[in-house]
Structure formats: structure tokens, C-alpha cells
1. Within 10 Å, count the other beta carbons around each residue, average over each peptide in E:233-245, D:109-121, and list them highest first.
2. Taking the Cα centre of each part, how many Å lie between region A:38-63 and region F:139-173?
3. Compute the separation of the alpha-carbon centres of region C:66-95 and region E:157-197 and state it in Å as a whole number.
4. Just add up the charged neighbours of E:Ile353: K/R +1, D/E -1, any other residue whose Cβ is under 11 Å from the Cβ of E:Ile353.
5. Got a sec? What order do B:Trp310, B:Trp184, A:Trp132 fall in by accessible area at 1.4 Å, biggest, i.e. largest, first?
6. Could you check how much of the accessible area of region D:50-145 is carbon and sulfur, as a whole percent, using a 1.4 Å probe?
7. Could you state the number of Å between the C-alpha centres of region E:33-97 and region D:1-79?
8. Nearest 100 Å² is fine: how much accessible area is buried between B and A, summed over both sides, with a 1.4 Å probe?
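The values are calculated or read from the model by the stated rules, or taken from the named source; none is laboratory data. Bear in mind the structure is a predicted one, so any value in this text is a computation, not a measurement. Cβ placement follows ideal geometry from the backbone for every residue including glycine, while neighbour counts extend to all protein chains displayed. For the accessible areas, the whole protein counts, side chains as well, though only heavy atoms, and no ligand, DNA or RNA atoms are used. Shrake-Rupley method; radii C 1.70, N 1.55, O 1.52, S 1.80 Å.
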Amino acid sequence: MISSTPIAAPPALFSADGLVGVIFLVMIGVTIIGGFIACNSERLVRAVAGLIVCFVGVAGLYYFLNSPFVAMMQVLIYVGAVAVTISFAIMLAAPEEQKKIGVSGPLVGPFGFGTAALIAGGFSVLAIRTEWPVIAKINDGSIKKIGIQLLTDYSMVFELISIVLLIAIIGALVIARVERKN
Amino acid sequence: MSLTLLNVIFAVVVAIAFAAANAAYLVWAERRGAARIQRRPGPNINGPFGLLQPPLDGIKLMAKQLIIPGGADKVLFIAAPVLAMYPAIMSFVTIPFSDTIVAHNINVGILMIFAFASTGSMSLIFAGWSSRNKYSMMSAVRAVSQSVAYEIPMLITTITVVMIAGSMDLMEIVHQQSRSILHWNIFPLLGKSHNLLMPASFLIFFICTLAETNRAPFDLGEAESELVAGFHTEYGSMGFGLFFMGEYANIVIGACMTTILFLGGWSCPFGLFPGVWWFLLKLYLLIATFIWIRWTFPRTTIYGLLNLSWKILIPLSLVNLLLTAGLIKVF
Amino acid sequence: MSVLTLHNSLNSFLILGALLFGMGVYGIVTRKTFIGMLIAAELLLAGASVNFMAFNRFTAPDPVVGQIFTLFIMAIAAAEAAIGLSIVIAVYHHYKSIDAEDAVQLKG
Amino acid sequence: MVTYFKDIYSGLVSLFIGMEVTFKEFFKPTVTVQYPYETLTMTEKYRGHVELIENDEGKPNCIVCGLCQRACPSACITLAGVKPEGEKKKVLTKYILDFTRCSLCGSCVESCNFNALEFSKEYNLASTRREDFIFDLLQRLEDRNK
Amino acid sequence: MSSPIQLQPDETFVLNVGPQHPATHGVLRVKMEMNGEYIVNAETVIGYIHRMHEKMGENKTYPQYLMNLSRMDYLGALGYSHGHVLVVEKAAGIEVPERAEYIRAIMVELNRVASHLFWFGAFVMDLGGFSPLMYALQDREYILDMLEAVTGSRLTYCYFRFGGLYNDIDDDFIDAARRFIPRMRKSLIKYDKLVTGNIIFRKRLEGNALLSKETCRKYGASSAVARGSGINFDVRKNEPYSVYPDFDFDVPVYHEGDSLARYMVRMEEMEQSLRIIEQGLDKLPDGPIMPKKKPKLIKPPAGDYYQAVETARGSFGVRLVSDGTKTPYRLKLRSPTYSNMHLFDESCRGMMIMDALAFMGSLDLVIPEIDR
Amino acid sequence: MIIEKTKLAFQDLFPATEPEPPPIEEPDEEVEEEKGKKAKVKKEPRQNGVIECNYAVHGYHLDAQVAPDQLIEAITIVDEAEFFIESITGVDWIKEDQIEVVYDFSRYDFQTCRVVIRTRVDRDNPVVPTITTIYAGANWHERETHDFFGIKFDGHPHLIPLLLPEDADFHPLLKDFKA
């Protein structure tokens, strides 16, 4: 697991700690590249592929954040379920190849980019400018605590989420149901 | 921390080697086994018992040209076979072969293996979609519904085992079973739960493993008499080779999981030789069963397959889950 | 502050989360099809999740809250994907298109 | 409900019965012939392509009556002969069998009244060139006698 | 850049099954209009290996044409030759010695078993089971070895002659045949255990591709396709020819009309064929195998002759229009699979592709026989 | 029994020819061998009508020759009597400058009765009505006959070459066809 004490001196590139840093950079790169593909590619299947790459990267980041459980859930749910569902829908619904700029006007692209850059930049500046409080506690990555919390403090939310999922499944079935005539 | 990471990298290399060697020689074993079942000799010309056949096949595949069909999505077309191989290799990292032989044991080992296994179906989707072939496309659609349908009973059955062991750590699960043969999860008597349905649970898990690895009788993705070769119809050369190896690597992972979850991992019924050999023995017996089943049964239909999952396996595994939960409370 | 120790700084995660969020916004604005928007929405959620996780690791008094929130986000995302895609399929059946603009006449 | 479990049970049993069959077969000896390493001898009545039968002097029995040529459904036999001075019978000078068209029906052998044709027992004829299958049977007869 | 193919839920697309497809057993092509995995419409395209056997018949003399018949159906060749020789004998008034007829019947039945065995293996392979094919081929090899020892060839026999046979059978053959019968019965039990009882197999075939009696009649289906739909039609029984009236055998009939019924019919037919072989060997009379007086040149009197026989694939008919010369004026070969396959287009509508291919397998196709 | 019934039904098709003795009455006397030869060797084309043939010699029981416009009626008779379609083919009688279309029917039950229905058309303009409306299975047979003889089946839904190549414009079974 990741050591809790901040390292004073930057590690050498080819030391073990340096390697960890490099892997982190790779993860960041994977996430950003994946996200870029996901929102920019012309074909939706490639967008899904980008999404998967992005989520694998995000899962890697979660691992760096000391929670392997959430990292694995990220892969399991997003890649194994959400991405599969989306690609299934793509295969069923056969979307047109997407033009970079939608029909609603040539300004949509630059406008979207502007908005997105503004939001991302604003948040980044906010994040850097703010003095975040020092570390209170560091999670040890155990599942037990998550489980206990889920079933005590957050049991109501847990139940609600279950109901939401159930309703989502039923709703999805009802909406997408096609009468097959034969 | 850093040492573990190096360990992991080293282990990944070992895992790749192990997966590749297994895949190659399982192909050989499959061909020999199938031949014996059909009363043929099988590959027996190259080397003793035809043991040089797999490397020669590999050389042949590598020497071939990778043909990308016109109109195919090149990036995904090339990415798909790689995607087929990597989950299995990643999963090897966390599988404990014995008390000490494990690359990197993490406390959510089961979750990790399932997480990576679930990405495997993406490879089929991409391969099927990008090939620009209607057969491949149909195969991809089938593969999705199949993997979705069988992940559910598989996970539910796994949760039963996790409940009994009280941990998602593969080491812990094996330790919990290692007292005697009767503590194995497949045998209900001395285990924590005393659940008499555990053999059924084992069977469900085994069937799901067959389905998840696209093995006969659930090889609908590549149903060769219907969809020509399914998602890898357009693949030749090493692209096909990677799919092929990926299939066998997945089989090994599936068999490893079955061994760990139900057959007590490396724990020995009687201590003739060290645990790792017991593990391998159980592993290869299971794989032999895979091969045996493949050459015995005809293929199911897609609706038969889904019916089996939704009408039989999922209800049974749910019943089993509830029963186990109740029994753990009682005892 | 070396590049190799970025994983020990909260800011790197927060900026990454912001980037993902921005990508999601960009995607939602520019994508024409429902599925494309859905993909972008997943990116948005991922950005939010990264933030939660980062705060959970670096500043939270209770070290599991962020993880639990992320798990909830995942569940919501899964539900959203299921519902959204079934709507896409239903719309497709009706309009033979999944372009958002073609479905303007949705009523009641 | 009872039938539900009964179905599952009987289905499982049927699967195990099938597996038992293949298990037993696994231990039985192999039955295949490893072709290039082992070969089978053809049966007595095997119909290969035709060959000329020689008489005691090593000359073909054929008297060039042409019946085989006429009987052949695919017109793959071409033969010619000359009648030497002072001899009663014609002497065969050319007998070409175009094996690319032959369908091994045996009409030629059947039509022959002079015991001049027989079936060879050759079955692994393979070549990449078409001309290899245009047999000069007279030549083959001489080669055999060498 | 063209986009890869997409399956669309309510738009159909055309799927080309064949001419080279593992399930079509030869060069057969079915243009399937699909809706997802469901077939909306199908059009069978045949003729890829059409060889115009009928024209060849008009250009060759009667004996020269003998070998063509075995090229029609390479699995059950003798049955087709049987029909041909019978019609010419009928037309030319050639008497056939009894022994020859018995041997013909035995050979045809052996060939029928061989053909059904191959069908069995290929059918199970269509359904994804590979080993039964190998077991079936082992038994079939035994038959082919026996036939080779007598006829001289393994597949394209040219064994029957007008009025008799090309070779007599010897004791070796009779011994081998007698040994074969118990062996085959044992194998049938094995197939029963391995395939027929298998739950996967049964689930796939039960209720698959129901054919009504009416459909069979409108399309002229015969063999197991008709008998699986409850039609008790076997040319050997309905219009006895050759020495078949002397034999005691049953015609298996199933009323379900699904693929399993067709499968069961063929499996039981093998047993019935074994019974015929057994009786034929017991009753085999001594005597010549060729008639004493046989016309040198076969010139049937002018007229129109028809002979139907039951081959492994169904009711095969030869229509011979003679004008009194040594070549037929017109020779029509009515091939059973032609009619059986014709059913497919109409019956496979609304099926899933895997069911349709199982159905296709249950029809027992031999493409050269359709294309002629 | 079924033979008589079908024969009577066929005879209703030929009210004019029935009283004429030579073409119809003669074969009914069942002088098998003779009749077979006579009926065919005759130089002029056979009159329309129905003949009961000797099964042992010809392999069929009833032989009905109808005019092309009577064809549908005749086929309806066999359809109502539950015959199944065996095959359709043609014969090119080049000397008489006619093409004969031959329809074979048989029965599934044990009342064995094979019926041959013939119709003759001129070689120049061979057109007969399709029977696919009655027997769906006639589809391929008619296409095949169209391939081989160039006979046009009026009203056929899909009359394109079946066994011959798609662009074939020759008809190999015509007697004047030279390859």
C-alpha cells in the first residue's frame, strides 16, 4: 500500500518509488487519453473503447488512493456492465457516424470546448488555490469498514439504492420491450 | 510498497509465461484428448507424443499475414485480441498456487478476478463489431447476452463462498478450507455452514465457468457450424492465436477459481507431496473435465442457454445463497 | 514537488477530476446522439467520483465516506445506463434514429 | 415444481451417461491408419486405373479391337495398332489412357474379350501436373518388365 | 470509410449462408433475410455443382450411363443405381436372377446404413457435437471396406449391371456382414446413450421446425422428412420393388413432425436395414448373378417408363423415355432431396438461425444430389 | 379404387373425346405390351385423354394428357385427391415440333396410384400456366424445367434460372441444343 508519510526528497526515476510515480503518471495519461477518445471519437464504439480505457485508468487512480475495493468495483461495474450495455445498445441501435459538429450550428464545438475549458480550468484553479486541511486519517483499504458503514450509518441510502436499481431494471425492461411477432 | 510493485511486475512476466505455456500445451492436450476420445492418435508426428506441435503451430501463426478486412475498424480490430489475452494474465497475479507461491495477494482477490474477467467480453464485442462481418456481429451480440446472463449466477455462487469464508481474500478462503478434505467448500459437512446444497453450488459455478470461458457446450460465440467462427471469423495469424490463447488462459483461470473456491486450493486430502502439486493436480483434472465435456456434448441454443441461466441457475444459486446465510447464522 | 510524487498530492487528483468533468461537459454539449451523451455523462460522474475518492484519502475525517459515495455513484451510473439505453432503444424503435434532434417531438 | 426438479435431475443424468460413453472410448485403442507411414493393401477387386496384361512373351494381349474405346463413357482411351506383314493379329502401338477424365467405372475391362486389360492396385496417385495423368500404358508395361 | 455492419432490431439484413458454410455440407447457398437472429425470409440458391446428368444420359448408351448414377449421391450411391437399372430392366424386359436381386437389396441396405451413419455424424456435428461423427465414421468405414471388397470402389460404385451384378459376393463378405450386424446394434445403443438421450440434444430438436403433413404433400417430401410428420410412406412398402416384399421390416413413423422425429426415424431405419440385411443373408439363394440370355445391345422399346425406389434420402424416381435406340430419348432423375430441400425456404421463416441450421441438418442434404 | 375415382374425375375433363373410341377405349382393354408400344410409336401426337396404364410395365397407373388450359383443372383434381407432387419435367419432341410437360404425382397412402399428367405446347412459344398456386413445391420443378427447356410458366412468382447460371440464356435439354 501507499506509504502515508509524505516523502521529503523526490525519488530517483529508477528507484522503486520513482517507478511508482511513473506508473501513476501512466495512469493519469491513460485516464486523460481515454476520456479524450470517449468524448471526441467519431464512432461511438470507439468512444466506448475510450471510456473503458479511461475507467481502467480511474480504477488505477483509486488503487493509488488506497481503496482496491472501489478500484475493482470500478472495473467490474463500469467496464463489465456499463460499457457492455452501452456497446450492446450501439450494436442494436446502429447510430450514424457522428460529425464533429452537430447540425445545430458550427459554433457548438467551440462553444462546448469553451464551456468545458472554463469549468475544468475554474475547478483546477479552485483546487490549487484552496488550502485543504491536513490529513485526518488514512483509510487502510479494508472492506470491512465499508461494509459496516454501509449497513449502519448509510443503511437507508443503501436500501434506497437497491430500490433504485430494482426500479431501473424493471423500467428498462418495460421501456425497451419489443413485441416480437411470431 | 515498492518491493511489492516490483514483485507484481515480475509476477506479471511469470504470469504471461505461465499463461502462454499453458495455452500452448492445453491446445496440445485438447487435441490429444479429443483424438483419444474419438479413437484417433492426434498430433504425434512432431517430437515425442507430438509435443513440438504447439510451438510449430505458433511459428506458423506468427509467420502468417494479419489480414484486416476492408472497411473494418482497424484500431479495434487489432485491439480486440490483445484485450482477450490481458484479463487472464492480470488475473494470474493474484491467484495463490500455494501458501507462498503467489505474486501479489490482495484482500479483494475474488473481486479482482471477476473484474478482469468481465472485461473479457469487451474483447468479443470489439472483435465482432470491428470485423465487418455479419456472422461476427451476431456472435458479438450473443457473447454479450451470454456473459451477462452467466456472470449473475457465478457471482451469487461466489458470494456464498465469500460468506462462508468471511473474506474476499483468496488465501484466506483456502486457509479456511484447509483443515481436512471434509472442510472443502464442495463438501458441506464440516464447513462453517453445513449447507447440503454446496455440491449443487459447485456444479452451478462449474457450469458458469464453462459458459464464461465460451467452452462447449456453451461456445455460442464461435459456434462453428452456425456462425462460421463467430467473432474471430476474420482473424488470422497471431490475432487468431491470441484469441485462442486467451480462451485457454481463461480456462486455466476458471479452473483455478473453481479449485480455490470449492476444492480447497492447495490443501491436500493426504499429504503425499507439497500443496502446490495438489493445486496443479486439481487444476488439471478440472481442465481435463473441460476437454472431456467439450468433446461429448452438442452445443446449446442461445435461448436454451439463457433459459438455463435465468430459470435454473439463478434461482438455484439464490436459494443457495439464502440457505447459506441462514445456516451461518444458525451454526 | 517532483512529477514522480504526484500521487501523494491532493491537487493532482482534483485537477484530474476537473479535467474529466470538463471532458464530460464538452461531450454532452457536442454529441449529437443519446448514446454519445450518455458516455459523456459517465465521464462527468467519473470526474465527481475521483474528487470524492481524493478527498476521502487526503482530508476526510471518516475514511470510508468517500468510498461509499463513490459506490453509490457507481450504482446510480449503472441504473442511469440501463434506463438511458432502454430509452434509446425505445426511441430508436419509434424514430429509427438516435439523434437527439430527431426526437424533439416526444410528448407525454 | 416437482417436474422442474425432475427435469433438472434427468437432464443431469443424461449428461453423465453421455460422458460415461466418451470416457470409455478414451481408453480404447485407436483405429486410424497413419497414412504416409502405414498403408493398406488394396483388396483383390479394387478398381484402379487400367493396365495392359502381357502374355508370356511380355507383349500385350491386346489385339486392338477397339471395344474398350467404344465402351468408355468418357472417351479417355486412345489406341492404335498396325498389322505387320504376314501376321494375323494387329499389334498394339499406342494405348493412351487419359486418367484425368476416367471415372473408374470399369467398362473397358468388362468389354474386353481378350483378357488384355486389368485394374491396377494403385491408389495414391498424386501430382501437380495434369500431364502426369495421361498414361501411356504401353510404356508402363515396358517399364514394368524392366 | 464505410461503417462496420450493425445488427438492427427491426430492419432486416441479408445473410449469405454459403456457398461455403460449415453447415451446408457442400456448395449450397441460402440467402437469408434476417431480423437480428430471426429469419424473415430465405431463398435457397442451388446449382453450384450442377453437372447436367440428364443431358449426359441422352448422349451416352445405357451401359455407359451406369456410372453416372453413383455420382449423384456420393453417400448412398447404390440406391440410385438400383433405380436406374430397375427402370432399364423394366423397359428392356431383362430378367434378373433372384440371387442378384437379393445381393442388390443387401448392398443397398448396407449403403443406406452407411449413408445414415454419415448423416448422423454430420447432423450432430451441425449441432456442435464432434465425437459422434468419428464414431459413426468408424462404423461406416467397416461398411465401406465390405463394399469395396466386393464392388471395387468405396464411394462411387459402379456395381449394378442391367440384369445383374458386376461381381458376386463371397463368403468373406457374408462373414463380415454377419459380424457387422451385432457390432452395429451395439453402436446404435452407444449413439442412443451419447446423443439421443442427451438433454441438450433433445432440447434443441424438440419442437424445432414443425412440418405438417400438408406441407410435405405440397412439396413432395419423402424419406424421414415425410415419415417424421406422420406419413407412412416408404416406396419399399408402398410400391414394393425388387425383392423387398420378401423381407419383414417396419417403417418407423413419428407424428411430431419436428427435427427430433426426423432424427428418430433415421436412427430406427438403420435398425430396420440391419434386419433386412440379416434376412437377406439368411435367404440368399444360390445361382447366377447375371441372366442367361442378355441382349447384347440394350434397346428398350419406345415408351415411357417410370421407376421409384427408396434411397437413403427418400423416394428417387427415374423417368425413362425411350425411342427404341441405344441411348435414352429422355432420362429424368427425380431426386428426393430436391423436394426435401425445397421445404426449407418456407418452413424456416421465423426461426432463429441456429434452429434453421439444425433443421437443414435434419433434412439430410447431399448437394450433388440436389444439383444433379 | 382411387385409380378409378381419379380416372373418372379426369374423364370429366374430356367431354368431347370421350365418345371417340380409338384413343381412349383401346388402352382401357389393358393389352399391356402392345398398347405401350402402339401408344408411343404412333407418328401423330397423342390425343388428349386419360389412359390407364399397366403399372408393371410403365411404373404408373394413370396417364392423362390435357390441353395447357385444362392443366389447372387437372392438377386440382389430383390435389383434391391428396396426391403429392413427385416431379415436373419436360420432353422435347422435336420431330413433332412440340414440347411435352410432364407432371408426376403419387400418393402417400397404401392405395398406390401414380398419375402422370402431360400437356403439350408448341416449341416456338412454350407457355403453360404455373401450378405453384396449387402445389407450392412445384416452384423449383418449374424453374428447373424452364432452365432446361425454356418453357415459360405463366404466373410463376420467381422464374429465374435455378440450376443453370443466373445469366444463362440457353436450354440444354432441347434436342437442338449444341454445347
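1. Working: E:233-245: 19.5, D:109-121: 16.6.
By packing density, highest mean first, the sequence is E:233-245, D:109-121.
2. Cα centroid to Cα centroid, the span is 57 Å.
3. With region C:66-95 and region E:157-197 each reduced to a Cα centre, they are spaced 64 Å.
4. On the way: positive: B:Lys134, B:Arg142; negative: B:Glu226, E:Glu37, E:Asp355.
Combined, the nearby Lys, Arg, Asp and Glu give -1.
5. Numbers: B:Trp310 130, B:Trp184 25, A:Trp132 90 Å².
My answer, sorted largest first, is B:Trp310, A:Trp132, B:Trp184.
6. Working: 2710 of 5690 Å².
Summing carbon and sulfur atoms, their accessible area is 48 percent of the total for region D:50-145.
7. 22
8. Details: alone 15400 and 14720 Å², together 27500 Å².
Interface between B and A: roughly 2600 Å².
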